[in-house]
Amino acid sequence: MPRNQLIQALAHPGFLLILLSLLAGCASEPPQPSMPARLPAYQNNAAYNKPYTVKGITYYPLASGNGYRETGLASWYGAESGNRTADGSRFDPQGFSAAHKTLPIPSKVRVTNLRNGRYVDVLINDRGPFSPNRLIDLSQGAAKQIGISGLTEVEVSYLAAPSGEE
């Protein structure tokens, strides 16, 4: 090929695009096999902070509650007086405790009644509620403190791990 034709071929925009594509392909690394998604490392190895299944649904407790804030429906419970909670303590209906599906146990949270602005700080020490569309179950004493008698819209905000575990 004469020199003029070679220069014209090299100057053609399509040739330059093909050359760059080839060079880019040579510089890339071969594709890596995809890694399976990892579950969070659970700091607290207690059974109540590991994944669990209720009514065919698997729940994955959070490794940390830092930054957690959610709104949803709260209910209350009190008939279980004396029964053991997920963390093994005895349930006190007049105490200030709660059940949550995924926050770490123990966690301290603030529950604010969005109807009246009243709030209470409670200890998450149990799992639940397992009724559809419910965010948290409060002990009867905590619910009474913020004026909840049935289902009520609340905001739940994580405050801390009670003993500075995080």
message: Looking only at residues that are part of a loop (DSSP other than H, G, I, E, B) and closer than 11 Å to I105 by Cβ in segment 43-58, which one is modelled with the lowest pLDDT?
response: N44
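Matching residues to (1) assigned to a strand (DSSP E or B); (2) modelled with pLDDT of 95 or more; (3) under 20 Å from the mean Cα position of the chain (by Cα):
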site	(1), (2), (3)
L73	yes, yes, yes
S81	no, no, no
T102	no, yes, yes
K108	yes, yes, yes
G117	no, yes, no
I124	yes, yes, yes
query: Out of all the residues in segment 132-147, which are part of a loop (DSSP other than H, G, I, E, B), closer than 18 Å to P93 by Cβ and either among the charged types (D, E, K, R) or open to solvent by 10 Å² or more (accessible area, probe 1.4 Å) (or both)?
result: G147
Single condition P93 does not satisfy, out of (1) assigned to a loop (DSSP other than H, G, I, E, B); (2) open to solvent by 50 Å² or more (accessible area, probe 1.4 Å); (3) touching a residue at least 24 places away in the same chain (Cβ under 8 Å): (2)
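The values are calculated or read from the model by the stated rules, or taken from the named source; none is laboratory data. This structure is a prediction, so every number in the text was calculated from the model and none was measured. Glycine also receives a Cβ, built like all others from the backbone with ideal geometry; neighbour counts cover every protein chain displayed. All accessible areas refer to the heavy atoms of the entire protein, side chains included, with ligands and DNA or RNA removed. Shrake-Rupley method; radii C 1.70, N 1.55, O 1.52, S 1.80 Å.
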